[in-house]
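Take a look at the structure set out below.
The values are calculated or read from the model by the stated rules, or taken from the named source; none is laboratory data. The structure presented is a predicted model; accordingly, all values stated were derived computationally and were not measured. Cβ: placed from backbone, ideal geometry, glycine included. Neighbour counts: every protein chain shown.
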Amino acid sequence: MNESNCTSPTVDAEAAQTYASWFKALADPTRIQLLHLLATTRRPMSVGEIVENSSVGQSTVSHHLKVLAGVRFVLAEKQGTSTQYEVNRACLRAFPDAVRTILGERDPWDPCDPRTS
């Protein structure tokens, strides 16, 4: 089959920006490790707990969590004076769909956008 003759949905500028932000967020090994820690712990964790269970300092963890929260790969919930972080499994599960969309195999959709959840 000649893939160049296939008609498929186009990725508009907004979807392209969203997908690029996801790839950028995952382009750092420390962020991958933090996501893995949160995913395998299977419960919300404070920055202090994350620092105790990782090889990076508090300011670095906080920076990476901010980036991950910015693309909704982690969810942050205030509890008193602390913030608890947990992996957003629905958003991370959508990452392979983003790749399929880029390949033209499915329609663009952003499950990390609260407007489409």
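The residues in the stretch 77-91 that are out of contact with any Leu (no Cβ under 7 Å at 6 or more places or on another chain) and within 20 Å of residue 24 (Cα to Cα) can be counted, and the count is 3.
All conditions but one from (1) at pLDDT 95 or above; (2) surrounded by 14 or more Cβ atoms within 10 Å (Cβ to Cβ); (3) more than 15 Å from the chain's Cα centre (by Cα) apply to residue 52; the one that does not is (2).
Take the conditions in contact (Cβ under 8 Å) with a residue 60 or more places away in the chain and in a loop (DSSP other than H, G, I, E, B) and apply them to residue 11. Does it pass?
The answer is yes for residue 11.
If you take the residues of the stretch 38-48 that are of a type outside the set (Lys, Arg) and surrounded by fewer than 17 Cβ atoms within 10 Å (Cβ to Cβ), which of them is farthest from residue 79 (Cα to Cα)? For the stretch 38-48, the residue satisfying everything is 40. Is it true that residue 26 is within 29 Å of residue 101 (Cβ to Cβ), surrounded by fewer than 18 Cβ atoms within 10 Å (Cβ to Cβ) and either at pLDDT 90 or above or out of contact with any Pro (no Cβ under 8 Å at 6 or more places or on another chain) (or both)? Yes. Residues in the stretch 95-117 that are modelled with pLDDT of 70 or more and farther than 14 Å from residue 74 by Cβ: 96, 97, 98, 99, 100, 101, 102, 103, 104, 105.
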